[in-house]
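Comments concern the structure below.
The values are calculated or read from the model by the stated rules, or taken from the named source; none is laboratory data. Here the structure is a predicted model, which means the values were calculated and not measured. Note: ideal-geometry Cβ built from the backbone for every residue, glycine included; neighbour counts use all protein chains shown. Accessible surface areas use protein heavy atoms only, side chains included; no ligands, DNA or RNA. Shrake-Rupley method; radii C 1.70, N 1.55, O 1.52, S 1.80 Å.
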Amino acid sequence: MEIDLEKHPFDLAFHPSEQLVVAGLITGDLHLYRYSEDTSAKRLLEVKAHVESCRAVRFTSDGKAILSGSPDCSILSTDVETGSVIARLEDAHEAAINRLVNLTEITVATGDDNGCIKVWDTRQRSCCNSFTAHEEYISDMTFASDSMKLLATSGDGTLSVCNLRSNKVQTQSEFSEDELLSVVIMKNGRKVICGTQTGALLLYSWGFFKDCSDRFVDLSPNSVDVLLKLDEDRIITGSENGLISLVGILPNKIIRPLAEHSEYPVEGLAFSHDRKYLGSISHDQTLKLWDLDELLEGSGNARTIQTTAEDSDSDEMDMDMEDSPSHGKGNLPIWSCYI
């Protein structure tokens, strides 16, 4: 299924329980669509959300609102039913907002072009905390809910771990020669995978973040712009050559290409709430919905299972205990968000 967005998209997100998908466009608009298996997707809303481009979009956990971030430094909450503005936070960041991710039912995190990360309470519409984690733009973030740690990658070539309990940047990796563009947590929380500008996948062991434990280079020389976790052993990658691939982790191998979105870089990947569809966007102004079962057909036997011999890193957690010089700053301690 293809949806013509008419303009270049920067991000996409699926509703947590309904057959809805939203795209943020270079024009600053939000486009909301209802999709179904039997009919063409129908546009429900077209909202002028931001003065500048809409780089990041997410539904709130309850699905009632769409959150979006922009280079105009604002965060907008838009009602899903009516398209009306629920709240707008002007000057939410000092630099262009580049990423937005859900944390808990009431908190989200945003990252900007100056390397700053902020955590927001969606009920109070206020900043819980901020972390000066990086020197360049925040390219991606992911959340480990069990340990309350927010992991971020940056164009400065580092991976950071922000501890939301202690309100500090707990640790940061050594500088890589590559820009880090994407990040996922795998292997039941024991491995962190980062995609890079040169196409290498960097594997970090949890608790040992200073340097990567392994490098997988078979996707080079095309940058790995997007990573999407399929299960604990496999990820779906989106690359600058337009290919969407299924990759096994430990043992590391390209299981097979799944699809080609276009000849342009894959800007975003996401699963529908029921994991029936894989959504992808690129520079071709098209949102594509792929039947995930059809894409994965024949890949079941290729699932890779980790063994002790293949991964001998320690299972101990949180070994990087030294504090970063950059401390969390904010007007509220993080635990106040959960009272």
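If R0 equals 51 Å, the separation of the Cβ atoms of D211 and D293 corresponds to a calculated FRET efficiency of about 0.85. Simple spin-label estimate for K64 and E135 gives 4.4 nm between the two label positions (7 Å along the Cα-to-Cβ direction from each Cα).
Within the accessible area of the range 1-95, the carbon and sulfur atoms contribute 45%, probe 1.4 Å, all protein chains present. Annotation: E6 carries an accessible surface of approximately 100 Å², with a 1.4 Å probe and no ligand, DNA or RNA atoms counted.
Note on E6 and E18: the model spin-label points, each 7 Å out from Cα along the C-beta direction, lie 2.2 nm apart. For the modelled label position 7 Å from the Cα of H283 along Cα-to-Cβ, which residues of the range 250-273 have backbone nitrogen atoms closer than 16 Å? Zone members listed by number: 261-268. The share of C-alpha pairs in the range 131-244 whose separation exceeds 16 Å stands at 54 percent.
Computed over the range 87-134, the convex hull of the alpha-carbon atoms projects to a mean area of 3.2 nm². The alpha carbon centroids of the range 93-144 and the range 1-78 are separated by 19 Å. Entry for the range 1-95 at q = 0.16, 0.26 Å⁻¹: log10 I(q)/I(0) = -0.59, -1.43, Debye formula applied to identical alpha-carbon scatterers, no solvent contribution. Taking amide H positions as placed in the peptide plane 1.01 Å from N, state which residues far from L44 in sequence (5 or more) or on other chains have amide H under 5 Å from it. For L44, whose amide H was placed from the backbone, the distant partners under 5 Å are L32, Y33, R34.
Applying the Karplus relation 6.51 cos²θ - 1.76 cosθ + 1.60 with θ = phi - 60° to the range 150-162 yields 3J(HN,Hα) values of 9, 9, 9, 10, 8, x, 7, x, 10, 10, 10, 10, 9 Hz, where x marks Gly and Pro. Surface analysis of the range 136-245 yields an accessible area of 30 Å² per residue, using protein heavy atoms and a 1.4 Å probe. To the nearest 10, the accessible area of Y277 is 20 Å² with a 1.4 Å probe. In order along the range 96-113, phi translates into HN-Hα couplings of 4, 7, 10, 9, 8, 9, 7, 10, 10, 5, 10, 10, 9, 10, 10, x, 10, 6 Hz, rounded to whole numbers, per the Karplus curve 6.51 cos²θ - 1.76 cosθ + 1.60 with θ = phi - 60° and x for Gly and Pro. Ignoring aspartates and glutamates fewer than eight residues from K48 along the same chain, the ones with Cα atoms less than 12 angstrom from its Cα are D29. In the chain, helices alone account for a calculated mean residue ellipticity at 222 nm of -500 deg cm²/dmol, with every DSSP H run of four or more residues adding -39,500 (n - 2.57). For the range 1-130, the per residue solvent-accessible surface stands at 41 Å², with DNA, RNA and ligands left out and a 1.4 Å probe. Dividing the Cα radius of gyration of the range 70-188 by 2.2 N^0.38 Å, with N the residue count, gives 1.06. Taking θ as phi - 60° and the Karplus parameters 6.51, -1.76 and 1.60, the scalar couplings of the range 19-34 work out to 8, 10, 9, 10, 10, x, 10, 5, 6, x, 7, 10, 10, 10, 10, 9 Hz in sequence order, x denoting glycine and proline. Straightening the chain between K276 and E94 buys 61.7 nm, computed as 0.36 nm per residue apart minus the Cα-Cα spacing. Residues whose amide H comes within less than 5 Å of that of A270, counting only those at least five positions distant or on another chain, are G279 (H built at 1.01 Å from N in the peptide plane).
Once backbone amide H atoms are built at 1.01 Å from N, S282 has E267 as its partners under 5 Å, excluding neighbours fewer than 5 places away on the same chain.
Please report, to two decimal places, log10 I(q)/I(0) for the chain at q = 0.10, 0.11 Å⁻¹ as given by the Debye formula with identical point scatterers on the Cα atoms and no solvent. Each listed q maps to, in turn, -0.56, -0.68. Straight-line reach from K229: taking Cα to Cα under 21 Å and skipping same-chain neighbours fewer than 8 places apart, the lysines in range are K149, K187, K191, K253, K276, K288.
Using a probe of 1.4 angstrom, how much of the accessible area of the range 127-263 is carbon and sulfur, in percent? About 45 percent, which is the carbon plus sulfur part of the accessible surface.
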